[in-house]
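Engineer: Here's a structure for you.
The values are calculated or read from the model by the stated rules, or taken from the named source; none is laboratory data. Keep in mind it's a predicted model, so treat the numbers as computed, not measured. Quick reminder, even Gly has a Cβ in these numbers, built from the backbone with ideal geometry, and neighbours come from all protein chains shown.
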Amino acid sequence: MFYSCLRLVSPCALLAVWLCVGCEVLYAQGDVNLDEGVVSSNMVAEAFIPNSDMLTERVNDIASWYDEVEEVTYLLVGCENGTALLRLLPGARPIFMGKMPTQTVSSIWRDIKVVHDHAYVVSEAPVHGMQVLNLDALRGWSPLDGPATWMPDTVITAPGTAHNVVAFEEASKIIQVGTSLFGGGAAIFDVSNPAAPHLVGGVSEWGSIHDAQALVYNGPDAEHVGKELLFAAGGEKLWVLDITDASDVQLIGSTTYTNPHFSHQVWVSDTHDHAFLGDELDETSMGGPTRTIVFDLTDLDDPHQVEVFQAETTATDHNQYAHGEWLFQSNYRAGLRMLSDAWPQSNALSERGFFDPLAESTGPGFQGAWSHVICEEDGVVAFTSIYEGLWVVRPQFASLNNVAISLCSPGTIPSANTWSMTLNVEAGWAFPIDVQVDGVVMTPDYENHWTIDEPGSILLYFEAWGLTGVQPSVKLTSQRSTWSVNVLTPEALWVAHYEDADGDGFGNPYMPVWSCGDAPGTSTLPLDCQDWNANTYPQAPELCDGWNNDCDGEVDEGTAQLVWYIDADGDGYGNPNVPFELSCTALTGRVLNADDCNDAEATMYPSAPSILDGMDNNCDGVIAESELNPCPGDFDLDGNRTINDMLQILSSFGCASGCSASMDNLDTVDTSDLLLWLGVFGVDCD
């Protein structure tokens, strides 16, 4: 196993984690006023994980990994004290798996990228280096394990610090930027062997780089097709660098833009013919609306500004990433913004929706949305809000309404069902859009294909067999992207079945699947609060196991809970003289016995081996001959009786048992011990 199952939090905190992310979605879907201070348009909330559940006060960057083997999405959330790991359960609900601690000290600046099946984490924490984590290890974790401590497989010590890290998956490279080497420029690593990343080049000639994107160029400038390029932002410029030979990086072109203040981040469209840049300080320096600079890249030797998109808010902008014709921006106090990209049309950018957890303020400043990831396989976008936590939201640029499916017909071979639904498509897509339904088998009379040429609604009507245990979906393929929308929703009219993964007879309300009649692995009761735990379902007997077994919102009620004592010295024996805690599950730093005679000395506990240190090592109340200190009064065993030893006997004065500064071998410290020690003060042991 690649991880430690060390519990990080108390059962009360664990309970909060599981209740928040393992059972219930905290915020119901809706368009506005999901919660006080939260507003949205064309985006709905699926889940929210507060910072406290990730054991941190502030979050920053975020990355994701889609495990193609098990078809599961994982989120990696940067925290000031490490990297939180979360798994997306069905319904795009994250569950906290634990953390990889920071390599040195806490820092608000942490950046995470994934190349293939490894995560690379950098920070501005002193001498942090780059942590490398093999994500294959995440498959072995079960929610029943509870939050674990995950340790990096490799740590690259130089550069010691970096502001950002760039993933270059096509070339199996990782590029650190804003580093402590190369004058704040870039350090290029080959990670084709992720167990041993090695530095293959660097960039320093063009000053400090704040953020960048690396890609194999396949755009309209034929001169540079096939080259490995780095599009870099920093200072007041955009640079286009050829990093094909990492040991000899070449400048292709550079440019500035109107009213530059701090070139923060650049992202290139998937067509490689234009790019978007955000200036992090222009809103605070000169006021006015949030700006996005659009650059023409048809000639890489001469990149130039062609548009300045001005938002309706005045928030400071931070990170932006594209998915085909859709551009998502994390703009601090304005939250997550959704724009469409109609390049090469003039005024290419248009805002199409938003999700703002800080509705009371959309002005400049450095609170709110930090960054996001687009989880195409789950149809959601996950983003971090610095002082709040992790949000998972679902864009509504395509949606299904009025879903109705006819009843299954009895018989060995069920008759085809009639399916009817309305597909709504918002403006902003790169039309035309091809539409097909996945997870069904059409009858010969119906073709699984529709075309949408403009925004609006279209009726999807067909006869088909559903596939048992499958959640059918409508797949949209535009000229630049793909997206899927689930057919089976709580609003759909059909004979509902839900996946019952743990076999307890109750289904997962977030995982409706097709079934024509009874089918193994499904249930018509969508009432399971933890479909990965067969001991949790409505009215289940409450067990002393740390879980909400009966799905009533309470944990371990009515059970005989265990008594846990503090084990401060980690010797496996608890302190009977401090308050205990009741819990059905293990608590970090606590044990079930209260047998320690000195919880400040790891060498003192029942049956401990004897040490010549003058202490009652085995806690039997007597300092045996085998435990006698050959130099009485030398409590720190340094060969001298010094002031340090005096401080130790004074701090132990009055001790009645389990003492660490006895002079008369009675395992007590009183006036006679003090007088004996004063008689040998300053006398060397030899």
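Engineer: Mind telling me which of the residues Ala540, Ala534, Ala594, Ala624 ends up being among the small types (Gly, Ala, Ser) and either surrounded by fewer than 16 Cβ atoms within 10 Å (Cβ to Cβ) or modelled with pLDDT under 90 (or both)?
Structural biologist: Numbers: Ala540 fails: either surrounded by fewer than 16 Cβ atoms within 10 Å (Cβ to Cβ) or modelled with pLDDT under 90 (or both); Ala534 fails: either surrounded by fewer than 16 Cβ atoms within 10 Å (Cβ to Cβ) or modelled with pLDDT under 90 (or both); Ala594 fails: either surrounded by fewer than 16 Cβ atoms within 10 Å (Cβ to Cβ) or modelled with pLDDT under 90 (or both).
Exactly one residue qualifies, and that residue is Ala624.
Engineer: Next up: Quick one: in region 492-510, of everything that is in contact with a strand residue (DSSP E or B) (Cβ under 7 Å, 6 or more places away or on another chain) and among the charged types (D, E, K, R), which residue is farthest from Trp450 (Cα to Cα)?
Structural biologist: Step by step, filter region 492-510, then rank; the result is Asp500.
Engineer: Filter region 459-478 for residues that are among the hydrophobic types (A, V, I, L, M, F, W, C) and either on the phi > 0 side of the Ramachandran plot or buried (at least 17 other Cβ atoms within 10 Å of the Cβ) (or both) and give the result.
Structural biologist: Leu460, Phe462, Ala464, Trp465, Val474, Leu476 - these are the residues of region 459-478 that are among the hydrophobic types (A, V, I, L, M, F, W, C) and either on the phi > 0 side of the Ramachandran plot or buried (at least 17 other Cβ atoms within 10 Å of the Cβ) (or both).
Engineer: When you scan region 2-106 for strands (runs of 3 or more DSSP E) that lie fully inside it, which ones turn up with 1 or more residues that are of a type outside the set (Asp, Glu), at pLDDT 95 or above and touching a helix residue (DSSP H, G or I) at 6+ places or on another chain (Cβ under 7 Å)?
Structural biologist: 43-50, 59-67, 72-79, 82-89, 93-101
Engineer: Which is under 15 Å from Gly614 (Cβ atoms), touching a residue at least 60 places away in the same chain (Cβ under 8 Å) and in contact with a helix residue (DSSP H, G or I) (Cβ under 9 Å, 6 or more places away or on another chain), of Ser652, Ser660? Can you show your working first?
Structural biologist: Numbers: Ser652 fails: touching a residue at least 60 places away in the same chain (Cβ under 8 Å).
After applying the criteria, what remains is Ser660.
Engineer: Name the residues in region 304-332 that are surrounded by fewer than 24 Cβ atoms within 10 Å (Cβ to Cβ) and assigned to a loop (DSSP other than H, G, I, E, B), would you?
Structural biologist: Ala311, Glu312, Thr313, Thr314, His318, Gly324, Glu325
Engineer: Now, a different point. Looking at (1) more than 17 Å from Val77 (Cα to Cα); (2) in contact (Cβ under 8 Å) with a residue 60 or more places away in the chain; (3) out of contact with any strand residue (DSSP E or B) (no Cβ under 6 Å at 6 or more places or on another chain), which one does Met151 not meet, given that it meets all the others?
Structural biologist: (1)
Engineer: Can you tell me which residue is nearest to Pro432 (Cα to Cα) among those in region 481-490 that are in contact with a strand residue (DSSP E or B) (Cβ under 7 Å, 6 or more places away or on another chain) and in a loop (DSSP other than H, G, I, E, B)? Can you show your working first?
Structural biologist: Pass one, region 481-490, residues in contact with a strand residue (DSSP E or B) (Cβ under 7 Å, 6 or more places away or on another chain): 481-489.
In the following step, the residues that additionally are in a loop (DSSP other than H, G, I, E, B) were identified as 481, 487-489.
Working: Ser481: 11, Val487: 21, Leu488: 25, Thr489: 26 Å.
This residue is Ser481.
Engineer: Checking Ile433 against (1) touching a residue at least 24 places away in the same chain (Cβ under 8 Å); (2) touching a Phe, Trp or Tyr at 6+ places or on another chain (Cβ under 9 Å); (3) over 25 Å from Gly324 (Cβ atoms), only one condition comes out false. Which one?
Structural biologist: (3)
Engineer: I'd like to check something: does region 73-83 contain any residue that is more than 15 Å from the chain's Cα centre (by Cα) and either outside the structural domain of Gln176 (by TED's automatic domain parsing) or of a type outside the set (S, T, N, Q) (or both)?
Structural biologist: no
Engineer: Checking Ser371 against (1) in contact with a Leu (Cβ under 9 Å, 6 or more places away or on another chain); (2) touching a residue at least 60 places away in the same chain (Cβ under 8 Å); (3) farther than 21 Å from Ala427 by Cβ, which single condition isn't satisfied?
Structural biologist: Result: Ser371 passes all but (1).
Engineer: Within region 183-289, which strands (runs of 3 or more DSSP E) (wholly inside it) include 2 or more residues that are without any contact (Cβ under 8 Å) to a residue 60 or more places away in the chain and hydroxyl-bearing (Ser, Thr, Tyr)?
Structural biologist: Once the strands (runs of 3 or more DSSP E) in region 183-289 are filtered for at least 2 residues that are without any contact (Cβ under 8 Å) to a residue 60 or more places away in the chain and hydroxyl-bearing (Ser, Thr, Tyr), what remains is 250-255.
Engineer: Take the conditions within 28 Å of the chain's Cα centre (by Cα) and either among the aromatic types (Phe, Trp, Tyr) or over 22 Å from Thr482 (Cβ atoms) (or both) and apply them to Arg333. Does it pass? Walk me through how you get there before you give the answer.
Structural biologist: Numbers: within 28 Å of the chain's Cα centre (by Cα): yes; either among the aromatic types (Phe, Trp, Tyr) or over 22 Å from Thr482 (Cβ atoms) (or both): yes.
In short, yes.
Engineer: Sticking with this structure for a sec: Going through region 650-662 one residue at a time, which ones are of a type in the set (A, V, I, L, M) and modelled with pLDDT of 85 or more?
Structural biologist: Leu650
Engineer: Still on this model: Identify, please: which residue in region 637-649 is of a type outside the set (D, E, K, R) and within 50 Å of the chain's Cα centre (by Cα) and is, among those, modelled with the lowest pLDDT?
Structural biologist: Among them, the one singled out is Leu637.
Engineer: Is it true that Asn618 is among the polar types (S, T, N, Q), at pLDDT 90 or above and within 30 Å of Glu542 (Cβ to Cβ)?
Structural biologist: For Asn618, the condition - among the polar types (S, T, N, Q), at pLDDT 90 or above and within 30 Å of Glu542 (Cβ to Cβ) - is not met.
Engineer: Quick one: in region 333-347, of everything that is at negative phi and in a loop (DSSP other than H, G, I, E, B), which residue is modelled with the lowest pLDDT?
Structural biologist: If we take residues in region 333-347 being at negative phi and in a loop (DSSP other than H, G, I, E, B), then Ser346 is modelled with the lowest pLDDT.
Engineer: Considering region 469-480 alone, what residues qualify as being closer than 20 Å to Ala404 by Cβ and part of a loop (DSSP other than H, G, I, E, B)?
Structural biologist: Hits for region 469-480 are Val470, Gln471, Pro472.
Engineer: So which pairs qualify, if the first residue must be in region 95-119 and under 17 Å from Val373 (Cα atoms), the second must be among the polar types (S, T, N, Q) and part of a loop (DSSP other than H, G, I, E, B), the Cβ gap must be under 8 Å, and the two must be at least 6 apart or on different chains?
Structural biologist: Listed by first residue and then by second, the contacts come to Arg110/Thr102; Val115/Ser172; His116/Ser172.
Engineer: Going by the conditions given, is Pro289 modelled with pLDDT under 95, in the same structural domain as Leu339 (by TED's automatic domain parsing) and touching a strand residue (DSSP E or B) at 6+ places or on another chain (Cβ under 8 Å)?
Structural biologist: So Pro289 passes the test.
Engineer: I would also like to ask the following. Is there a residue in region 191-210 that is closer than 30 Å to Leu55 by Cα, small (Gly, Ala, Ser) and assigned by TED's automatic domain parsing to the domain that holds Val294?
Structural biologist: yes
Engineer: Yes or no: Glu627 closer than 30 Å to Glu554 by Cβ and out of contact with any Cys (no Cβ under 6 Å at 6 or more places or on another chain)?
Structural biologist: Answer is no for this residue.
Engineer: Which one of these does Val591 not meet: (1) within 22 Å of Val669 (Cα to Cα); (2) in contact with a strand residue (DSSP E or B) (Cβ under 9 Å, 6 or more places away or on another chain); (3) of a type in the set (A, V, I, L, M)?
Structural biologist: Status for Val591: all satisfied but (1).
Engineer: Hey, does region 404-424 have a residue that's closer than 24 Å to Arg352 by Cβ and touching a residue at least 60 places away in the same chain (Cβ under 8 Å)?
Structural biologist: Checked against the condition, which is being closer than 24 Å to Arg352 by Cβ and touching a residue at least 60 places away in the same chain (Cβ under 8 Å), region 404-424 yields at least one hit.
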